[in-house]
Amino acid sequence: MPAPGRCYRYFPAALEGETLEHLLVGRQELLENLFDEIDRASGSGTPRFFLLVGDRGAGKSHLMSLLCHRIRDELSDRMIPVHLAGEGFSIFRASDFFLRVLAGMGVETSDVAALGEDPLVREAAVERIAASAGERQVVVFVENIHEAFSQMERREVRALRSVFQRGDNLSVIASAPSLFPGVLDHEEPFYNFFRVFHLRELDCAGSKDLMRRVAEVDGNTVFIENFGDYEPGIKALWHLVGGNPGLVVRLYEILSLCGAGKVAEAFFRLADEQTPYYREVFRRLPGQRRLILDTILAAETPLTPKDVAERARLNLATVNAQVRRLEADGYVVSRPMKKRTTYEARDRLFALWRAMREPAGRARVFALIGFLEAWYGQPAPADTRYRGAPGVMEGEALPDRTTAGRREDALAALKGAEGEADDPGRFVHLALDLAGEELLAGNRTNGLSLIRAAYGHAGRLDPATARGMTAGFLKRLVRKGEVSAVGSAVREIIASGGAGYAGFLKPVADAVAIVEAKDTRLYYTRLQPEERAVVAGIVRAITGSEELGMGG
């Protein structure tokens, strides 16, 4: 492990190779494959042209910087790595590209640039690259190559490809946030030219691993020593924002400031910080495309083009053409299902950011955050004093008169205590505990009656405590795999506990619906990306199998 230093989110090239290696999570196999390919290219004299595709913050720059370090350290006798800085902002002609490569090699370019006519400059630059490299091959790293292509006239792009095709001493490793028209359209010079590698999000375990590694580089011993306290919140946040490495690193920084358990605060800080970027996205889009994207972002479920056309009051043909363009530009993703295709935001945080701009959207986000906090909250030690079974709020003492009694005694005691309920927490705790037993025993009427009694007093509790009790109660039923009991309980809680519970328990209700209907399409027609993994986990817990998992 490198000595503690500083982790730069936007400037990985400034980090030492050892630090870059330590911070690489979930990309090790890809790194080795790319390095092996480049190694073979240097031996065979056959150039390679790779395109790394991943969302903003996916780790493209990190991977490219690390690969550049590896080539410089291990293949310098056969290869010259050139990392073009500035993300292509000054590349408008093919000649600009090759002059930048020469400068990156440390070669003087003033006499070449002074030749005047651009074709002469381009050819002279290419010749000097070959002469300066000698027997070695040059590997050019180009970040955000789509920006350079968008600035270049088509004839310049064609000239660039012509040089790459006729030579054998130039390899290119480029990056882009998505597959763009310059490499997708059949008529474009670089169509089918690059070998494409997609950088996927980190899973929850990978996200935790990355946070720990960043903390080690930062020397944040407090975060490392108390990592167990942060884990439930990290899992909840992972469901909300995904495993984009850039966002994971920022969440680590925010959690370090907020402290463990501050899920809502961490999420809102992160979302608020994205405001300038998301506003700029809207500003760049033309009118109809902006309206269509906003319609998709604001929806509670994925939408078909027909849905979008109706909500945006646009012609269906126009919507079909524009959503395809939005998908090509990386803003939305489609999911074909037989005759039905739905569209949703590619960036789940973008959709949540947009939702919070309206009261209904904020309520939905608040409800989901509340559920995640309760569902993934750290459980307390189990209380086994009542009939050997854990209570709903494990670790909380049960009323003395029932701890050693049989279920019949407990039911009688509960009935006698309902009118007084001096301690609503204990009353709700015991009522839900017994309700679970009754439902699992097939005594549906008794079980639902006990739930009604519990939520007659749950309003006297702190809302977070009531949510925690509710989540614990339902998790117990879910673990038993009794979908009918879970469904009955959810419906009764919503009916007895008030409207707020409908939003709070939506993930459990959705899981029940999927299990009862045995229809995995519901993941993609009624759920947004931030809900799917949560619901799929509940479905797995109920069924004890992967059969009804996403895509199953």
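The values are calculated or read from the model by the stated rules, or taken from the named source; none is laboratory data. Here the structure is a predicted model, which means the values were calculated and not measured. Cβ coordinates were reconstructed from backbone atoms using ideal geometry, including for glycine residues, and neighbour counts include every protein chain displayed. The protein model used for the area step is the full one, side chains on, heavy atoms only, and it has no ligands, DNA or RNA in it. Shrake-Rupley method; radii C 1.70, N 1.55, O 1.52, S 1.80 Å.
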Open item on the list: So if each residue of separation counts as 0.36 nm, and I subtract the Cα-Cα distance between residue 36 and residue 195, what length gain in nm does that give?
Closed with: 55.8 nm
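Please quote Rg/Rh for region 318-364 to two decimal places, taking the Kirkwood radius as Rh and restricting both calculations to Cα atoms.
Using only Cα positions, Rg/Rh for region 318-364 is 1.06.
Convert 20 °C to kelvin, take the viscosity as 1.002 mPa s, use the Kirkwood radius over C-alpha pairs of region 432-486 as Rh, and evaluate the Stokes-Einstein diffusion coefficient in µm²/s, rounded to a whole number.
Values: Rh = 11.3 Å.
Result for D is 189 µm²/s.
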Task: 15 Å beta-carbon shell around residue 109, net charge (K/R +1, D/E -1) - done: -2
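Which translational diffusion coefficient, to the nearest whole µm²/s, is obtained for region 440-552 from the Stokes-Einstein equation, given a Kirkwood hydrodynamic radius over C-alpha pairs, 4 °C and 1.567 mPa s? Working shown, then result.
On the way: Rh = 14.5 Å.
Translational D for this selection: 90 µm²/s.
Compute for the chain: radius of gyration divided by Kirkwood radius, i.e. Rg/Rh, restricted to C-alpha atoms, rounded to two decimals. Let's see the in-between values first.
Working: Rg = 28.8 Å, Rh = 26.9 Å.
Value, to two decimals: 1.07.
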- [ ] Report, ordered by chain and residue number, the lysines lying within cross-link reach of residue 262, taken as a straight Cα distance under 27 Å and ignoring same-chain residues fewer than 8 apart.
- [x] 208, 235, 475, 506
Task: As computed over region 126-193, the Cα convex hull volume per residue (Å³) - done: 91 Å³
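When only DSSP loop residues count, what trypsin sites (Lys or Arg not before Pro) in region 236-323 have their Cβ near at most 12 other Cβ atoms within 10 Å?
On the way: sites: 250, 262, 269, 279, 283, 284, 289, 290, 306, 311, 313; in loops: 262, 313.
Counting only loop positions with at most 12 other Cβ atoms within 10 Å, the trypsin sites (Lys or Arg not before Pro) in region 236-323 are 313.
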TODO: Once you have a ≥ b ≥ c as the square roots of the Cα gyration tensor eigenvalues for region 59-200, tell me rounded if a/c is under 1.5, and otherwise prolate or oblate according to whether a/b is larger than b/c.
DONE: oblate
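Take the Cα radius of gyration of region 237-313 and divide it by 2.2 N^0.38 Å, with N its residue count; two decimals is plenty.
Values: Rg = 15.9 Å, N = 77, 2.2 N^0.38 = 11.5 Å.
Here the Cα radius of gyration is 1.38 times the empirical estimate.
Compute the relative contact order of the chain as a whole-number percentage, counting only Cα pairs closer than 8 Å that sit 6 or more residues apart in sequence. List each step's numbers first, then the result.
Numbers: 768 pairs, mean separation 61.5, N = 552.
It rounds to 11 percent for the chain.
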Open item on the list: Give me the percent relative contact order of region 188-267, please, defined on Cα pairs under 8 angstrom at least 6 residues apart.
Closed with: 36 percent
Task: Rounded to the nearest 10 Å², the accessible area of residue 111 at probe 1.4 Å - done: 80 Å²
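Given a 1.4 Å probe, how much area per residue of the chain is accessible, in Å²?
Details: 24730 Å² over 552 residues.
Roughly 45 Å² per residue, with all protein chains present.
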Open item on the list: Can you pull out the GluC sites (Glu not before Pro) in region 445-552 whose DSSP state is coil and whose Cβ has at most 13 other Cβ atoms within 10 Å?
Closed with: 546, 547
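Using a probe of 1.4 angstrom, how much of the accessible area of the chain is carbon and sulfur, in percent?
Working: 11960 of 24730 Å².
Here carbon and sulfur together make up 48 percent of the probe-accessible area.
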- [ ] Quote to one decimal, in nm, the extra length available between residue 229 and residue 339 on full extension: 0.36 nm per residue of separation minus the C-alpha distance between them.
- [x] 34.9 nm
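Out of region 186-229, which GluC sites (Glu not before Pro) are coil in DSSP terms and have no more than 12 other C-beta atoms within 10 Å? Let's see the in-between values first.
Working: sites: 187, 201, 216, 225; in loops: 187, 201.
Within region 186-229, the qualifying GluC sites (Glu not before Pro) (loop, at most 12 other Cβ atoms within 10 Å) are 187.
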